[in-house]
Amino acid sequence: MQRILYIPFDQLHRNYGVLKSADKSTDVIAMIESQNMIEGANWHPERLFFLISSARHFAQDLQVEGFTVDYRKATNTPTGLQEIQKKYEGAPIICAEQSSFRLTEKLTALNAEFIPNDFFLTPRDLFASWASTQKSYLMENFYRKQRVRLNILMEGDQPAGGAWNFDKDNRLPPPKNYTWPAYLEHSRDEIDTEVATELKMSPTTTWATTRKGALAQLDYFIKHHFAHFGPYEDAMALDSWSLHHSLLSPYLNNGLLHPAEVIKAAEKAFKTGKVPIESAEAFVRQIIGWREYVNGMYWFLGPDYRNHNQLQATRKLLPLFEDPNKTQMNCIKSTVTDISERAWVHHIPRLMLLSNLALVTGTNPQEFLEWMRRVFIDATDWVMVPNIIGMGVHADGGLMMTKPYAAGGAYISRMSNYCKSCVYNPKLRTGDTACPFTTLYWDFLDRHKETFAKNHRMSQQVFGLNRLSDLPELKERAQEVLEGLEKGLI
Ligand SMILES: Cc1cc2nc3c(=O)[nH]c(=O)nc-3n(C[C@H](O)[C@H](O)[C@H](O)COP(=O)(O)OP(=O)(O)OC[C@H]3O[C@@H](n4cnc5c(N)ncnc54)[C@H](O)[C@@H]3O)c2cc1C
Ligand code: SF4
């Protein structure tokens, strides 16, 4: 064999990365199950199962196609690759650019040859050339350029539907007396059973582990959810864990689906006239806007970005993150329970519940990041780091987002049906039944008022503190809440 083509577990697509130029007669495909990765953290079992089973299915498909595949378990990725290199007499290792700084470093140390990573729609240097000309890295500006560059939802040089975004139509609370479509279930096969047995777990039927299953999920979303995606994309509901979200992130992130395929399916459906522009635009924005922007920012901001802690948040991770029984907050209990069941909740619980709670309690950003990385099915370094450090907990001092996403109970009450059956009252900021989010939101603003007063997008909120006649009581209640949260009693 003349070349070793390395496929990491997040590049599982036959037509992209190194596989697009693979030659069955001269190349060996290398895939490594790193024991250090598997045993190195307390990963959500569903996540480990998904990653490993998808990789084993992919390796099997390549073998069936006639490739020589060396899929092996090794202490870590470099060790596994060195073993393979020894077997194939020092053949060079070729791979697509890796998706994290850590793996890039490891592969570089092995003298691997990199080809450009085409698992995204935006080359890294193209993003960097955009970002380096910006005063502030506004996603909206990047997104509009993407629409034009990729010619998606455009009518000539104008946006389809006459506007770049339809956010004002897309902030509806969960509908009442509504029947949500059934969830698509993915059946399990022999490889799944083998992986589950090795991991000593029993998987849900939520996540596919094959290309066929990922395509079925895309098709199901387009047929049953896409038309309603926009209006309810920010809503949170007790009676539906996924609402009209696509559940495609795991496959986009491990390569079973390519963003170009997802966009093509969305555009095709939009052209039938059955999908309103506010849903089509909202979904396209997530894929060619947010996803590409976050990946671009990860590489643009560099490996040290993850260590930012500009608000000097030092609190240890609260027990409720590990155990939903350690809180009485209905919204958080329900969210953490959903995560423990299937390793997923949508972007608003991630941002406005989990990250918001970490932000207003002053939880250490790196501890929170580490927890989020462990528990989500789709957590990869490039996507979690900017979403947490920049967007979720404002630990970068506003480098990525101009203002922190801090909110009290009023926002959560408006966008969900959690509050009606909660022991706390979102309208109250003091007293035993005050909503912890409401109390801590004001306490957070007060603690950081000097910093935020300089931010013109925050000055109005900070100014609102002056209208609080009960600030001393609120500060006392905030202390009680923080202590109660630490003890798992609030
Ligand atoms: C604090 C926080 C942490 C997040 N962590 C992750 C993560 O680890 N992995 C991950 O894939 N997404 C992450 N997201 C983005 C988003 O929450 C998930 O992509 C989405 O919930 C996945 O479900 P879905 O496929 O049904 O998404 P949909 O709502 O159907 O959206 C479609 C797609 O858009 C993309 N997308 C949307 N928003 C973002 C975003 N902010 N960043 C990157 N891609 C985006 C995803 O690929 C998603 O599949 C995070 C968001 C926040 C606010
Ligand atoms: S009252 Fe507060 S804690 Fe309870 S569900 Fe509403 S926002 Fe969450």
May I ask you to list pairs of residues, at least six apart or on different chains, whose Cβ atoms are under 6 Å apart, with the first in region 383-410 being modelled with pLDDT of 95 or more and the second being outside any loop (DSSP other than H, G, I, E, B) and polar (S, T, N, Q)? GLY392/SER355; VAL393/SER355; ALA407/ASN356; GLY408/THR438; GLY409/THR438
Give region 76-110 a look and list any residue that's over 28 Å from MET297 (Cβ atoms) and either without any contact (Cβ under 8 Å) to a residue 24 or more places away in the chain or among the hydrophobic types (A, V, I, L, M, F, W, C) (or both), or say none. THR79, LEU81, GLU83, ILE84, LYS86, LYS87, GLU89, GLY90, ALA91, ILE93
Lone qualifier among LEU440, LEU428, LEU445 - being more than 16 Å from ligand 1 (Cβ to nearest atom) and in contact (Cβ under 8 Å) with a residue 40 or more places away in the chain: LEU440
Among strands (runs of 3 or more DSSP E) lying entirely in region 1-106, which contain 3 or more residues that are under 21 Å from GLU194 (Cβ atoms), touching a helix residue (DSSP H, G or I) at 6+ places or on another chain (Cβ under 9 Å) and at pLDDT 95 or above? 27-34, 68-74
Tell me whether region 463-470 contains one or more residues that are polar (S, T, N, Q), at pLDDT below 95 and over 30 Å from ASN295 (Cα atoms). yes
Any residue that is under 18 Å from ASP239 (Cα atoms), away from ligand 2 (no atom under 15 Å from the Cβ), within 18 Å of the chain's Cα centre (by Cα) and surrounded by fewer than 20 Cβ atoms within 10 Å (Cβ to Cβ) - is there at least one of those in region 293-303? no
In region 288-319, the residues that are touching a residue at least 60 places away in the same chain (Cβ under 8 Å) and among the β-branched types (Val, Ile, Thr): ILE288, VAL294
When you go through (1) more than 16 Å from ligand 2 (Cβ to nearest atom); (2) touching a residue at least 40 places away in the same chain (Cβ under 8 Å); (3) crowded, with 22+ Cβ neighbours inside 10 Å; (4) within 20 Å of the chain's Cα centre (by Cα) one by one for PRO259, which number turns out not to apply? (3)
Options LYS403, LYS454, LYS487: the member that is loosely packed, with under 15 Cβ neighbours inside 10 Å and within 16 Å of ligand 1 (Cβ to nearest atom): LYS403
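The values are calculated or read from the model by the stated rules, or taken from the named source; none is laboratory data. Since the structure is predicted, the reported quantities are computational estimates derived from the model, not experimental observations. Methodologically, a virtual Cβ is constructed for each residue, glycine included, from the backbone with ideal geometry; neighbour enumeration extends over all protein chains shown.
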